[in-house]
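The values are calculated or read from the model by the stated rules, or taken from the named source; none is laboratory data. All values derive from a computational prediction rather than experimental measurement. Cβ placement follows ideal geometry from the backbone for every residue including glycine, while neighbour counts extend to all protein chains displayed. Each accessible area value is taken on the protein alone, full model and side chains, heavy atoms only, with ligands, DNA and RNA left out. Shrake-Rupley method; radii C 1.70, N 1.55, O 1.52, S 1.80 Å.
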Amino acid sequence: METVSFGFEDVAPEEKTRRVGNVFTGVASRYDLMNDAMSGGMHRLWKDRFVRRVKPRSGERILDMAGGTADIAFRLARYGAEVTVADINPAMLDVGKQRAAKRGIAGLEWSEQNAETLTLADRQFDAYTIAFGIRNVTDIPAALREAHRVLKRGGRFFCLEFSTTQWPGFKDVYDAYSHRLVPQLGKLLAGDADSYRYLIESIRRFPPMPQFERMIGEAGFVRTSVEPLLGGLVAIHSGWKI
């Protein structure tokens, strides 16, 4: 039987999809608080850098996949881009809509979508972004192919995702912190240690930077590149559709 990783477990593909859905339904209301706690607020700087790499322009159509709470979409919209926020999880989208309403941010489109089987037409977006979402997808190659399909010729693909830092010493410190303390933070701040244990384990099972870059190329993208941050703890991957 075909299996995929759910944290450190190997499960059937449909089981992973179901479990990931439960994880994000459970943590949706505290997701941004936990991002701050887990990264010491640094996720905000990583997202700022990510959006600067995207270089959104006024009038561009951008699909922000796994966009949930709209952290990336808000940043893209500041430049005048027309952003569609897509997520498989309606609870995450609801949080994003509430945040947008509180901030008075209008004009975003919201769409419940599975990254592997988008119900969107071919060649309609100038850019596709996905931040800290690709590792939760059950069939990553399928999601990459769908990203390629919905982009226009000349369209840009950008992915921000955790990876494995290569800095000596720091890697050991971060591993100890993430495995021991993050689940406890999840229990304290969100009442959910298991979901945050999965989120940390999913980082360990995600392909290394060179392997994921090859996967992006195999989906049809060219001029692929990867920019490691903090020695590779986080990485910005990109590619172009021609």
Legend entry - Top-ranked residue in the stretch 62-80 [being aliphatic (A, V, I, L, M) and within 17 Å of Arg103 (Cα to Cα); ranked as most open to solvent (accessible area, probe 1.4 Å)]: Ala77
Legend entry - Single unsatisfied condition, Met34 versus (1) in contact with a strand residue (DSSP E or B) (Cβ under 7 Å, 6 or more places away or on another chain); (2) open to solvent by less than 10 Å² (accessible area, probe 1.4 Å); (3) touching a residue at least 40 places away in the same chain (Cβ under 8 Å): (1)
Inset, instruction - Working carefully through the options Glu161, Glu227, find the one that is open to solvent by less than 10 Å² (accessible area, probe 1.4 Å), at negative phi and not in a helix (DSSP H, G or I). - result: Glu161
Legend entry - Meets criteria (touching a residue at least 24 places away in the same chain (Cβ under 8 Å) and over 23 Å from Val234 (Cβ atoms)) for Leu120: yes
Legend entry - Tally, over the stretch 132-162, of residues that are touching an Asp or Glu at 6+ places or on another chain (Cβ under 6 Å) and acidic (Asp, Glu): 1
Legend entry - Given (1) surrounded by fewer than 17 Cβ atoms within 10 Å (Cβ to Cβ); (2) in a helix (DSSP H, G or I), number of the condition Gly59 does not satisfy: (2)
Inset, instruction - Return yes when Ile242 is over 24 Å from Asn22 (Cβ atoms), open to solvent by 60 Å² or more (accessible area, probe 1.4 Å) and aliphatic (A, V, I, L, M) and no when it is not. - result: yes
Legend entry - Flag if Lys97 is in a strand (DSSP E or B), of a type outside the set (Gly, Ala, Ser) and out of contact with any helix residue (DSSP H, G or I) (no Cβ under 9 Å at 6 or more places or on another chain): no
Inset, instruction - Could you check Arg99 against (1) among the charged types (D, E, K, R); (2) surrounded by 15 or more Cβ atoms within 10 Å (Cβ to Cβ); (3) over 27 Å from Ala193 (Cα atoms) and say which number it fails? - result: (3)
